[in-house]
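The values are calculated or read from the model by the stated rules, or taken from the named source; none is laboratory data. Source: prediction; values computed, not measured. Note: ideal-geometry Cβ built from the backbone for every residue, glycine included; neighbour counts use all protein chains shown. Areas reflect the complete protein model, heavy atoms only, side chains present, ligands, DNA and RNA absent. Shrake-Rupley method; radii C 1.70, N 1.55, O 1.52, S 1.80 Å.
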Amino acid sequence: MTRRLLSGNEAIAEGAWEAGVRVGVGYPGTPSTETLESLVRHEDVHCEWSPNEKVALEVGLGAAMGGVRSLVTMKHVGVNVAADPLMSACNTGVNAGLVILAADDPSCYSSQNEQDSRFYAAFARIPCLDPADSAEALDFSRRAFEISERFDTPVMLHETMRIAHTRTMVEVDGTRADDAPRDYADNIGKFVMMPANAVRRRAVVDERTAELEAWAEDCGLNQVEMRDKGVGVICAGAVYQHVREALPEASTFKLGLTWPLPAQALAAFATSVDKCYVVEEASDYLSLRVRAMGIQLATPPAAPIPVAGELNPALVRASFGVEEPAHQPAAKDLPPRPPAFCPGCPHRLVYVELRRLKAVVTGDIGCYTLGAVAPYRAVHSVIDMGASLSMAHGMELAGVTERTGRPVVGVIGDSTFAHSGITSLLGTVYNGGVGTLCILDNRTTAMTGTQGNPVNGVTLTDSSHKIGPLDNPTGKALDLPVLLRALGVEDVAEVDAQDQKAIRAALKAAVANADQLSVIIFKSPCRLVDRRTKPAPQIKDCRKCGTCIQIGCPALGRAADGSAVIDPTLCVGCTQCQQACPFGCISPVAPKEA
Amino acid sequence: METKTILLVGVGGQGTILAGHLLADVAARAGLDVKVSEIHGMSQRGGSVSTVVRVGDHVSSMICDPGCADVIVAFEAVEALRAQQFLKAGGAMFVNRETITPVSVNIGNFTMPQNVRARLTGMGAKLIPAGRIARDLGSPKSTNVVLVGALSTALDFDADLWRTTVREGVPKKTIDANLAAFEAGRAAALEA
Ligand SMILES: Cc1ncc(C[n+]2csc(CCOP(=O)(O)OP(=O)(O)O)c2C)c(N)n1
């Protein structure tokens, strides 16, 4: 046993390894990403990134059906993408264990929505485990595989950002279970979900559910802690920790298994306390179910628990009327500091030019979503991965350009294009759609921490070292222009995303060509992948027009007299400001004479 | 030991995460329970960032609520003001003297706050010229460890435990520079 500080994600990877997992597969997404990045360090596990979560779950199910334990990881919105195979995998069951990590993000720290993935576990009737710290994350991860095999079902391992990204103390055992593959045998009735079999499997699922419900009462995953009998709180995950902090005297029913719920044990707990509460965050998942069992739930005395947003001890105190510690008020006069494109980011100049064009931009998900904020404000929709291209087609069908005089442009990143953009584009081509689409190929999946993807060919094994070997990846890199032409796009352009004039010209040409579908690939590596820098340029006789400032580079500021200044510690020497200056005042520093 | 909450705030890329790891390591070596909560992802791109470290015999929540931080370490002065409501009455605050102008100010949509330093010293903060100290030592990247040195004066861990942790927690080539940064930060905090 060694005592280590592990994040929830590292602990889940460790637990899966101890359980004998042989395949780890997923698509990056905060807060789930580090799980596979950590699992891949074990050489006896094959780990890979899939193009999207649906593919990942299917690969994982195939591996489990084939007889090896597999872990599939995704963020909450990934479960939406994987919902189709999930809703049948729950009926087929598994052979070797199959565990699906669903990582939720209450308060949307890095997400386009807030959702409670446990609804999917209930929907699919698969067990759902909810750890409350990293030690439990390791333990539950290991046990999830046993449960999966014992009940012949996929299992959901559910966590929130505060579990995923909090390091807590873990005793690591370091021994691995026997990972020998289970035998594979054909079983058409179990794995071929055509109507007659699906109907029969449904009956199997109902029997399994009854068994799971009986087992839930005594499964060892839930913990009743009796303290003051006046107040009893039912809770799970990180919320349990906040309740302990805010209401240290309260009795608690900590659910480690959040589907199925232990009905009898919960009823017994509710009758053993004067008032029984459910405290949960950004959801009514637990309270709906507990109420449906006929258990009377009380409303906290001072205010209901908020229905949206992440919970914390202060909010629990506020609901229960516990005084908050004295503190000064928040300062109100501070400038916001939202994330910004890095100095040298290849997305920047594309948005500068889209802003100039006054384009209506259907956007997508990645670092390039930041094109929606000042000083660009040049992204007008962001919904889900791939939506940029399909929504641009919908906007075209709505006649937006004719009615507004503004071109519609769809903008998507390389990883997002591989995730869901290809099918969107296929739909447009197939139906004779026209318009302008941009693929921002920065050679990486930047937003989630520079993972490899099918466009750059860097695999999880390469990119476990983060900055992947771009020139010589172990995987196969997708040839984007060839793919685009094969899909039927006739006008394909490749443009250097660091060349402002070329960007302007390409966009202008594509937009002018209104009767055709044009796809422009803007290519230039992300600065987190290619960290080579050049010296900062110099500014001479600045005219104080502010044009360079309005490209929004964090390295560019203004001196007291209004002239532009470059912070040499942040500048990477990309020349974007130099290209933006209308008066030619910014120029590279002459190389020193030898 | 009763639970202590340390809040580290700054701007993405300033090294708050490493500082949090060093502190957590010190507490773990001292045999305490530790929780370290970080925000990853979207906020890393030059935005405001924070790390919460809670240490004690038994730590429950990983979140720092308003009025609950025993110590705040701010790697940037405006971010210190942004975190002021988290400071416990009588808590300690160490602030790097430097400010980083956000893009929102550079492009003219917002202005920098007035009297930043006076407001900070008014609430008892110790201003540490951490960036300058690190540059003077010839290792500008060790600004975070200068602040770790300052932080070490506000917690009851043995200075040698800190030194060992810094030595084992930073890249090999930077050990000497970081140890010097740590000592300089300690000295600056004791003088301030
Ligand atoms: C269905 C789904 N899966 C995963 C994510 C998490 N996610 C957000 S942005 C992103 C990466 C986008 O990469 P890319 O399109 O290459 O753009 P970049 O960040 O490199 O600019 C991912 C994986 C998500 N938002 N939705």
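Numbers for the structure displayed
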| quantity | calculated |
| --- | --- |
| Gain on full stretching of the segment that runs from residue A:483 to residue A:426 - 0.36 nm per residue minus C-alpha separation | 19.4 nm |
| Dipole in debye (nearest 20) - the range B:61-129, about Cα centre, beta carbon charges: Lys, Arg +1; Asp, Glu -1 | 200 debye |
| Net charge dipole size for the range A:519-583 [Lys, Arg +1 and Asp, Glu -1 on Cβ; Debye, nearest 20] | 160 debye |
| Solvent-accessible surface (1.4 angstrom probe) belonging to residue A:182, in square angstrom, nearest 10 | 100 Å² |
| Within the range A:348-523: Cβ-based charge dipole about Cα centre, in debye rounded to nearest 20 (Lys, Arg +1; Asp, Glu -1) | 580 debye |
| Residue A:332/residue A:377 FRET efficiency (R0 25 Å; Cβ-Cβ; nearest 0.05) | 0.55 |
| Residue A:210/residue A:512 FRET efficiency (R0 51 Å; Cβ-Cβ; nearest 0.05) | 0.20 |
| Accessible-area order (highest first, 1.4 angstrom probe) of the listed residues A:515, B:65 | A:515, B:65 |
| Signed unit charges on C-beta, dipole axis of the protein assembly as shown, positive-most listed residue B:137, A:30, A:460 | B:137 |
| Heavy-atom SASA rank of A:116, A:44 (probe 1.4 Å, accessible area, largest first) | A:44, A:116 |
| Relative contact order of the range B:87-176, pairs being alpha-carbon contacts under 8 Å that are 6 or more residues apart, as % | 26 percent |
| Computed accessible area, residue B:58, all protein chains, 1.4 angstrom probe, square angstrom | 130 Å² |
| Separation of the residue B:58 and residue A:198 label points, Cα + 7 Å toward Cβ, nm | 5.0 nm |
| For the range A:293-304, Karplus couplings with θ = phi - 60° (6.51, -1.76, 1.60), whole Hz, Gly/Pro x | 7, x, 7, 7, 9, 8, 9, x, x, 8, 6, x |
| Gyration tensor verdict on the protein assembly as shown (Cα atoms; rounded if a/c is under 1.5, prolate if a/b is larger than b/c, oblate otherwise) | oblate |
| Heavy-atom accessible surface that B and A bury in contact, both chains counted, 1.4 Å, Å² to 100 | 4600 Å² |
| Within the range A:42-86, GluC sites (Glu not before Pro) in DSSP loop having at most 12 other beta-carbon neighbours inside 10 Å | A:43 |
| Gained length - residue A:229 relative to residue A:171, 0.36 nm times residue gap less alpha-carbon distance | 17.6 nm |
| Cut-off under 5 Å, modelled amide H: who pairs with residue A:20 long-range | A:177 |
| Rounded if a/c under 1.5, otherwise prolate or oblate - the range A:223-320, Cα gyration tensor axes | rounded |
| Peptide A:321-333, shielding by other chains (average Cβ, 10 Å cutoff) | 5 |
| Rounded accessible area of residue A:119 (nearest 10 Å², 1.4 Å probe) | 70 Å² |
| Chain B: relative contact order as a whole-number percent, Cα under 8 Å and 6+ apart | 20 percent |
| Rounded to 5, percent antiparallel among DSSP beta bridges of the protein assembly as shown | 35 percent |
| Accessible area of chain A belonging to carbon and sulfur atoms, whole % at 1.4 Å probe | 54 percent |
| The range A:201-266-the range B:1-38 distance, computed between alpha-carbon centres (Å) | 31 Å |
| Loop-resident sites, the range A:332-383, for chymotrypsin sites (Phe, Trp or Tyr not before Pro), counting at most 15 other Cβ within 10 Å (DSSP) | none |
| Reachable lysines from residue A:75, criterion Cα separation under 17 angstrom, eight or more residues apart if same chain | A:54 |
| Solvent-accessible ranking of A:14, A:217, A:494, largest area first, probe 1.4 Å | A:494, A:217, A:14 |
| Three-way shape call for the range B:82-168 based on the alpha-carbon gyration tensor, with the a/c threshold at 1.5 | oblate |
| Reciprocal of mean inverse Cα separation for the range A:489-594 (Kirkwood radius, Å) | 15.8 Å |
